[in-house]
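Each remark here refers to the structure printed beneath this line.
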Amino acid sequence: MQTPTTQSDTSECAQPLAGLFALVVPGLGHLWLREPRRALMIFLGIGTLTLGGLLIGGIDAVDRREDRWWFVGQAGIGPAAWLLDAWDQHLKKTDPPSNATGEWFETHEPARTKSLAHSNEIGSLWIVIAGMLNVIAVIDAAWHLPPKHKIARRSEDPS
Amino acid sequence: MSLLLLAAWRPILDPISLPGNAWWFTLVPLALGIAMSYKASRMTECPGWWKQYVRGTIIMSVQIIALLLVLSVGLHLIVEIFAPFVATELNG
C-alpha cells in the first residue's frame, strides 16, 4: 500500500481546478481527483434531477427572463442551465400571441408549450435542487485531498 | 393520463400532464435523486464504498419521504384543527 510522504498529502487543501471542473460538468471535478465512483453517482444524481425537471415542467422550467430567482438556483448545474435557457428563449419565438384564436393554431404549431401551475413549479424545483446539490459537490471538490495519482507519485519518488 | 394525451406529449418541449393525485408520487424519484447526489458528495471513497453508498442512499431517501409525511400531517393538524379552534376561542 502506498503511504503519503508529506503532511500535505494527508490533509485537505484547496483544489481550484477540481472545483472549476465540477462547476462545468457535475462530477467532473471528482473524476479529476481520481474518484470515479463518486463522480459517476454525482453525475447520475444531478443529471436525473435535471432531466426529471425538464420532463415534468418542459423546457419552460428553465427561464432566465421570467423566473429570474429560480434560475439563480438552477445555474448551479453549470453551463447546461444557460444552454437550456438559450434554447427556451429561442423556442419562445414560436409562442402564440396573447390574442391568438383557434384560427392561429390551425396554421401555426408552437415549438414548445408554456408550463403552468404544478408542472412549472415542480419542474423548476427539481432543477433548482440539482443546482444546489452541485454547489455542494463543487465545494467538496474544491477543498479536497490531492488527486490520488499525485499522492502515489510522491510516494514512489520522495525527492 | 389518457393514451391520446400521452401520444401528443413531446418530451421536454411540453410539460407533463398528470392527474391531481399523481403529483404526490413525484416525491419518490425526487428524494432518490437528492440522496444519490448528496451521499456521493459526502461519502469519501473507501473499501466497501458501493455497499455503504447504496445503503446510505436508500436510508436517506426513506428519511426524506418520512419527514415530509410527518410535516404534512403536522401542517394538516394545524390548519384543520388548531387554527379553527383558536379562531373560535378568540371570537368567543
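The figures follow:
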read-out: Total residues in the range A:101-128, condition in contact with a helix residue (DSSP H, G or I) (Cβ under 6 Å, 6 or more places away or on another chain) and open to solvent by less than 70 Å² (accessible area, probe 1.4 Å); value: 11
read-out: Set A:Arg65, A:Arg34: member being more than 13 Å from the chain's Cα centre (by Cα), more than 14 Å from chain B (Cβ to nearest Cβ) and not in a helix (DSSP H, G or I); value: A:Arg65
read-out: Enumeration of residues in the range B:7-40 that are within 7 Å of another protein chain (Cβ to nearest Cβ), over 17 Å from the mean Cα position of the chain (by Cα) and open to solvent by 30 Å² or more (accessible area, probe 1.4 Å); value: B:Pro11, B:Ile12, B:Leu13, B:Ile16
read-out: Yes/no for B:Ile65 being within 23 Å of A:Ile127 (Cβ to Cβ), outside any helix (DSSP H, G or I) and either out of contact with any strand residue (DSSP E or B) (no Cβ under 7 Å at 6 or more places or on another chain) or within 9 Å of chain A (Cβ to nearest Cβ) (or both); value: no
read-out: Count of the range B:41-54 residues which are assigned to a helix (DSSP H, G or I) and either more than 10 Å from chain A (Cβ to nearest Cβ) or out of contact with any Asp or Glu (no Cβ under 9 Å at 6 or more places or on another chain) (or both); value: 6
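The values are calculated or read from the model by the stated rules, or taken from the named source; none is laboratory data. The model shown is predicted, which means the values in this text are computed figures rather than measured ones. A quick note on method: Cβ atoms are made from the backbone with ideal geometry, for glycine too, and the neighbour counts reach across all protein chains shown. The area values use the complete protein model at the heavy-atom level, side chains included, leaving out ligands, DNA and RNA. Shrake-Rupley method; radii C 1.70, N 1.55, O 1.52, S 1.80 Å.
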